[in-house]
Amino acid sequence: MSGRVLVVDDSEVIRQLIRVNLELEGFEVVTAADGAECLEVIRRVRPDVVTLDVMMPRLDGLRTAARLRATPDTGRLPIAIVSACTPADLDLGERVGVDGYLGKPFDPADLVALVRRLMRLTVRPEGSPDTVRPERTDPTDRG
């Protein structure tokens, strides 16, 4: 399975870590340094999935997610939060319609699994539900 992922994080190291792990699995990866850049880039690159950090300059990840959900072109775009989130961040993410979460630090296998799950949301047939209950990935729960 392949697809285009827009990775949004203010840390260049994290962006590159996510990029490498996803590219190794066959995904095309585009990056942005914050939510404002994400909103500029998204219409040009038309990603299948977006990953957002929460704490970023100019426009944070939760406000970015809310803006994406409020626009018809991006309202159904699968969005994951990849961040060291507080419970309040997770609750707000659910309210704005985030589709998945991955806490930092993360296992690369969990990242790939989350993106693959969200890629499946991009091929929903017409008339299927727009929302999927977000899965919270706890890095301490490895089964």
Over the stretch 43-85, what relative contact order in percent results from Cα pairs under 8 Å that are six or more residues apart? 50 percent
Compute the separation of the alpha-carbon centres of the stretch 16-37 and the stretch 86-112 and state it in Å as a whole number. 16 Å
Accessible area of the stretch 1-103 with a 1.4 Å probe: how many percent of it is carbon plus sulfur? 52 percent
P(r), alpha carbons of the stretch 1-43 - 10 Å bins starting at zero, rounded %: 32, 52, 16
Over the stretch 49-111 - Rg/Rh using Cα atoms and the Kirkwood inverse-distance radius: 0.95
Take each of the peptides 108-119, 48-59, 10-21, average the number of other beta-carbon atoms within 10 Å over its residues, and list them starting from the highest. 48-59, 108-119, 10-21
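The values are calculated or read from the model by the stated rules, or taken from the named source; none is laboratory data. What you see is a predicted model, and the numbers here were worked out from it, not measured in a lab. Don't worry about glycine lacking a Cβ; one is built from the backbone with ideal geometry, like all the others, and counts go over all protein chains shown. Quick note on the areas: whole protein, heavy atoms, side chains included, nothing else; ligands and nucleic acids left out. Shrake-Rupley method; radii C 1.70, N 1.55, O 1.52, S 1.80 Å.
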